[in-house]
2 protein chains.
Amino acid sequence: MKIALDAMGGDQGPELLIDGALRALRRNKELSIVLLGPEDLLKERIAQCVDSGNVAGRLLIEHAPETVTMEESPVEAIRKKKDSTIMRGFDLVKNGQADAVVSAGHSGATMAAAIRKLGRLEGVSRPGIASLFPTRKTPVMLMDIGANVDCRPQHLFQFAVMASSCCALLQNKKSPRVGLLSIGSEPGKGNALIKETHELLRQSNLNFVGNVEGRDVYGGELDVVVCDGFVGNISLKISEGLAEAAMQMLKDEIMKSLRAKIGYLLIRKAFTAFRKRVDYAEYGGAPLLGINGIGIICHGSSSSVAICNAIGEAAKLVENKVNDSIVKSLRQYITA
Amino acid sequence: MKIALDAMGGDQGPELLIDGALRALRRNKELSIVLLGPEDLLKERIAQCVDSGNVAGRLLIEHAPETVTMEESPVEAIRKKKDSTIMRGFDLVKNGQADAVVSAGHSGATMAAAIRKLGRLEGVSRPGIASLFPTRKTPVMLMDIGANVDCRPQHLFQFAVMASSCCALLQNKKSPRVGLLSIGSEPGKGNALIKETHELLRQSNLNFVGNVEGRDVYGGELDVVVCDGFVGNISLKISEGLAEAAMQMLKDEIMKSLRAKIGYLLIRKAFTAFRKRVDYAEYGGAPLLGINGIGIICHGSSSSVAICNAIGEAAKLVENKVNDSIVKSLRQYITA
């Protein structure tokens with residue numbers, strides 16, 4: 001199996017991404033990784049890395065001289081930068097030279113490049129992005145988190161089918177519990193979009209538990225939560241913002257007394273473990289679902305462990321043929 | 001000034017609400033409070049309270065034998081229970097026997113009763129609920145948090161005008177900074193509703209800072225954030241859910257080692273202060289804006305301090321004639 005990794009994406013430079021790749025190679029002996037980026041630069045950076053697991057033979061380079069910056073519009077970026085890491089990555093998948101792409105770069109451009117190069121899966125109206133949110137129990141997959149802002153019921157319904165298939169594979173769940181994000185658990189609660197989607201989901205053979213509220217996202221009793229990309233993106237960003245602000249406020253309070261400062265020294269290890277548990281950047285990546293291939297978007301501030309996890313996720317989705325499973329699930333409803 | 005308090009609302013029974021009323025009376029000598037509820041029951045409960053500030057003379061009772069339960073639909077509740085605490089409260093305001101209503105009960109029914117009894121303010125298409133969110137700096141007011149699920153640009157625009165007027169009074173801000181909740185700060189980002197609303201806000205004389213993202217809600221750089229009631233309710237509930245889950249996860253980590261447990265004992269005071277800072281239930285109440293009168297909804301789990309704060313808020317809005325200010329602001333745009 002061969003995974004292409006955008007070595008120029010992410011906020012922290014190629015060293016961290018190469019480190020993530022080496023970790024993934026040590027973990028999975030069946031894997032090769034193609035680093036996407038300027039050849040000379042990557043050769044130089046790889047030479048600086050310590051190859052503790054003797055895995056460099058499985059680390060390849062694909063020359064991609066251009067990088068999409070975070071300020072660019074996705075449409076402009078894929079039109080003008082044909083030799084960017086992201087575009088070259090999906091070229092490799094299209095030509096059968098790689099099985100999946102992982103990028104911590106511009107998520108909009110990655111999605112646009114994936115659709116342009118690979119097209120949509122049979123039966124899919126709108127591909128979307130599925131992201132894992134931490135909970136006290138197992139993580140919950142929210143879809144869509146930003147690719148589709150104005151949705152129709154059929155789109156949300158397809159998100160449910162796709163995320164359910166993906167979640168079943170990634171978390172080895174036979175029948176993931178699917179909730180529809182609304183403002184009350186009763187079937188009649190929500191806006192027009194939600195009311196119609198509720199009906200579609202109720203009539204399906206998905207394990208639909210009904211409408212769920214914002215509170216339930218972090219409750220740990222759900223596997224998949226369905227929403228449009230506008231609501232999903234705001235849910236994700238508001239969670240990140242709250243987590244950060246709360247940490248700062250707690251720090252402010254601790255700094256007010258010596259006693260609390262000493263307490264903090266004793267508690268620090270638990271704190272670090274906690275931060276890791278709630279840090280979105282640690283949760284591997286967000287799969288692009290609905291494209292005719294495998295692509296995973298990582299948070300820009302991902303650690304090398306998160307990059308390694310995302311590569312592992314990509315391999316799992318390739319190996320288990322997630323797209324076959326999605327097409328099969330969707331076909332039930334089209335022929336029905 | 002006379003504020004009516006729903007003594008049967010809230011999760012914790014009338015004692016806590018009466019305690020909140022007594023606190024408010026001790027704090028403000030100009031105030032009278034009318035408790036709404038079954039007369040005999042309230043008399044009995046008041047007799048059990050210690051009137052440390054000698055304020056009981058300003059604590060009145062209005063007999064309201066019925067209570068709306070959380071399970072009832074707002075429409076049913078106001079149709080069938082004409083003698084409920086909520087309906088009697090707005091009757092008092094309508095008849096000039098009270099200046100405002102505060103309730104920690106059923107928020108949908110409270111909003112419905114307010115519209116039914118008092119009607120909408122001149123120029124207002126849709127009244128809504130404005131709620132304060134804690135940040136590291138001053139709290140930010142989000143509107144709407146649940147009253148209106150399917151909105152048009154004009155509705156969101158009016159929310160901005162109303163919340164800006166209210167925020168200016170409650171927080172003594174001359175020109176509150178208003179952001180429009182979207183999925184990117186650029187004017188073109190967001191769904192169709194947001195793009196059109198952006199234009200309306202840009203052309204207004206509000207202090208409009210542009211689109212803001214979910215992350216910015218807790219950043220402390222905004223005074224008002226505008227969104228529809230669907231997005232606002234999910235933002236509020238997801239925040240509450242995350243805060244609760246994060247606390248649990250941190251506790252889990254602390255319980256894993258003796259060292260951390262000891263640290264926790266030293267840090268506990270800072271922790272309690274922090275919890276109070278991020279607890280929505282502590283932030284007074286959420287004003288109903290756009291109705292022809294003053295109404296404030298409190299969280300069901302409000303403490304007596306929060307109830308006291310909400311009563312203070314209501315008094316401030318009455319005293320400063322928030323509705324005159326809203327009508328005046330809206331009139332600018334109607335005649336323009």
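Taking A:LEU317 and the conditions (1) under 14 Å from the mean Cα position of the chain (by Cα); (2) over 23 Å from A:PHE159 (Cβ atoms), which numbered condition does it fall short on, given that it satisfies the others? Condition (2) is where A:LEU317 drops out. Entry remark, region A:149-172: residues being in contact with a helix residue (DSSP H, G or I) (Cβ under 8 Å, 6 or more places away or on another chain) and more than 22 Å from A:GLN203 (Cβ to Cβ) number 4 in total. Going residue by residue through region B:260-273, is there one that turns out to be surrounded by fewer than 20 Cβ atoms within 10 Å (Cβ to Cβ), in contact with a strand residue (DSSP E or B) (Cβ under 9 Å, 6 or more places away or on another chain), more than 7 Å from every other protein chain (Cβ to nearest Cβ) and at pLDDT 90 or above? No, because not a single residue in region B:260-273 is surrounded by fewer than 20 Cβ atoms within 10 Å (Cβ to Cβ), in contact with a strand residue (DSSP E or B) (Cβ under 9 Å, 6 or more places away or on another chain), more than 7 Å from every other protein chain (Cβ to nearest Cβ) and at pLDDT 90 or above.
Does region B:284-294 include one or more residues that are hydrophobic (A, V, I, L, M, F, W, C) and within 14 Å of another protein chain (Cβ to nearest Cβ)? Can you show your working first?
Filtering region B:284-294 down to residues hydrophobic (A, V, I, L, M, F, W, C) leaves B:286, B:288-289, B:291, B:294.
Remaining after also requiring within 14 Å of another protein chain (Cβ to nearest Cβ): none.
The answer is no, given that none of the residues of region B:284-294 is hydrophobic (A, V, I, L, M, F, W, C) and within 14 Å of another protein chain (Cβ to nearest Cβ).
Within region B:182-212, restricting attention to residues that are in a loop (DSSP other than H, G, I, E, B) and of a type in the set (D, E, K, R), which residue is farthest from B:THR138 (Cα to Cα)? Steps first, answer last, please.
Of the residues in region B:182-212, the ones in a loop (DSSP other than H, G, I, E, B) are B:182-191, B:204-206.
From the residues that got through so far, the ones that are of a type in the set (D, E, K, R) too are B:186, B:189.
Working: B:GLU186: 25, B:LYS189: 27 Å.
Looking at the filtered set, the residue picked out is B:LYS189.
Conditions (1) surrounded by fewer than 23 Cβ atoms within 10 Å (Cβ to Cβ); (2) modelled with pLDDT under 95, marked per residue:
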{"position": "A:SER103", "(1), (2)": "no, no"}
{"position": "A:ARG116", "(1), (2)": "yes, no"}
{"position": "A:VAL124", "(1), (2)": "yes, no"}
{"position": "A:ALA130", "(1), (2)": "no, no"}
{"position": "A:LYS137", "(1), (2)": "yes, yes"}
{"position": "A:ASP144", "(1), (2)": "no, no"}
{"position": "A:ASP150", "(1), (2)": "yes, yes"}
{"position": "A:ALA163", "(1), (2)": "no, no"}
{"position": "A:LEU169", "(1), (2)": "yes, yes"}
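Hey, among the residues in region A:1-39 that are under 22 Å from A:GLY293 (Cβ atoms) and part of a helix (DSSP H, G or I), which one's farthest from the chain's Cα centre (by Cα)?
Step one: list which residues in region A:1-39 are under 22 Å from A:GLY293 (Cβ atoms), which gives A:1-10, A:17, A:20-21, A:24-25, A:28, A:30-37.
Imposing the further condition that a residue be part of a helix (DSSP H, G or I) reduces the set to A:17, A:20-21, A:24-25.
On the way: A:LEU17: 16, A:GLY20: 16, A:ALA21: 17, A:ALA24: 17, A:LEU25: 20 Å.
Filtering region A:1-39 for residues that are under 22 Å from A:GLY293 (Cβ atoms) and part of a helix (DSSP H, G or I), the one farthest from the chain's Cα centre (by Cα) comes out as A:LEU25.
Residues that are farther than 26 Å from A:LEU31 by Cβ: find the strands (runs of 3 or more DSSP E) completely inside region A:92-181 holding 3 or more of those. Let's see the steps before the verdict.
On the way: elements: A:100-103, A:128-133, A:140-143, A:177-181.
Here the list reads A:140-143, A:177-181.
Among the candidates B:VAL278, B:VAL224, B:VAL231, the residue that is aliphatic (A, V, I, L, M), touching a residue at least 40 places away in the same chain (Cβ under 8 Å), more than 7 Å from chain A (Cβ to nearest Cβ) and crowded, with 17+ Cβ neighbours inside 10 Å is uniquely B:VAL224. Applying the condition of being surrounded by fewer than 12 Cβ atoms within 10 Å (Cβ to Cβ) and in a helix (DSSP H, G or I) to region B:44-57 and asking which residue is modelled with the highest pLDDT yields B:GLU44. For region A:207-221, the candidate set comprises residues that are more than 8 Å from chain B (Cβ to nearest Cβ) and surrounded by fewer than 23 Cβ atoms within 10 Å (Cβ to Cβ); within that set, the residue that is nearest to A:PHE133 (Cα to Cα) is A:GLU221. One residue stands out among those in region A:171-210 that are of a type in the set (S, T, N, Q) and touching a Lys or Arg at 6+ places or on another chain (Cβ under 6 Å): the one that is farthest from A:LYS328 (Cα to Cα), which is A:SER182. Please indicate, with yes or no, whether at least one residue in region B:73-85 is buried (at least 21 other Cβ atoms within 10 Å of the Cβ), of a type in the set (A, V, I, L, M, F, W, C) and modelled with pLDDT under 95. Scanning region B:73-85 turns up at least one residue that is buried (at least 21 other Cβ atoms within 10 Å of the Cβ), of a type in the set (A, V, I, L, M, F, W, C) and modelled with pLDDT under 95. Listed by first and then second residue, the pairs with beta-carbon distance under 6 Å, at least 6 apart or on different chains, first residue in region A:305-333 and surrounded by fewer than 18 Cβ atoms within 10 Å (Cβ to Cβ), second in a helix (DSSP H, G or I) and at pLDDT below 95, are A:ASN320/A:LEU169. In summary, A:GLU244 fulfils each of the numbered conditions (1) of a type in the set (Asp, Glu); (2) touching a Leu at 6+ places or on another chain (Cβ under 9 Å); (3) at the interface with chain B (Cβ under 9 Å from one of its Cβ atoms) with the single exception of condition (2). I'd like to verify a number: residues in region A:247-259 that are closer than 12 Å to B:VAL278 by Cβ and either more than 7 Å from chain B (Cβ to nearest Cβ) or surrounded by fewer than 15 Cβ atoms within 10 Å (Cβ to Cβ) (or both), how many? Number satisfying all stated conditions: 3.
The values are calculated or read from the model by the stated rules, or taken from the named source; none is laboratory data. Note that the structure is predicted; figures quoted are calculated from it, not measured. Reconstructed Cβ throughout: ideal geometry from the backbone, glycine too, with neighbour counts over all protein chains shown.
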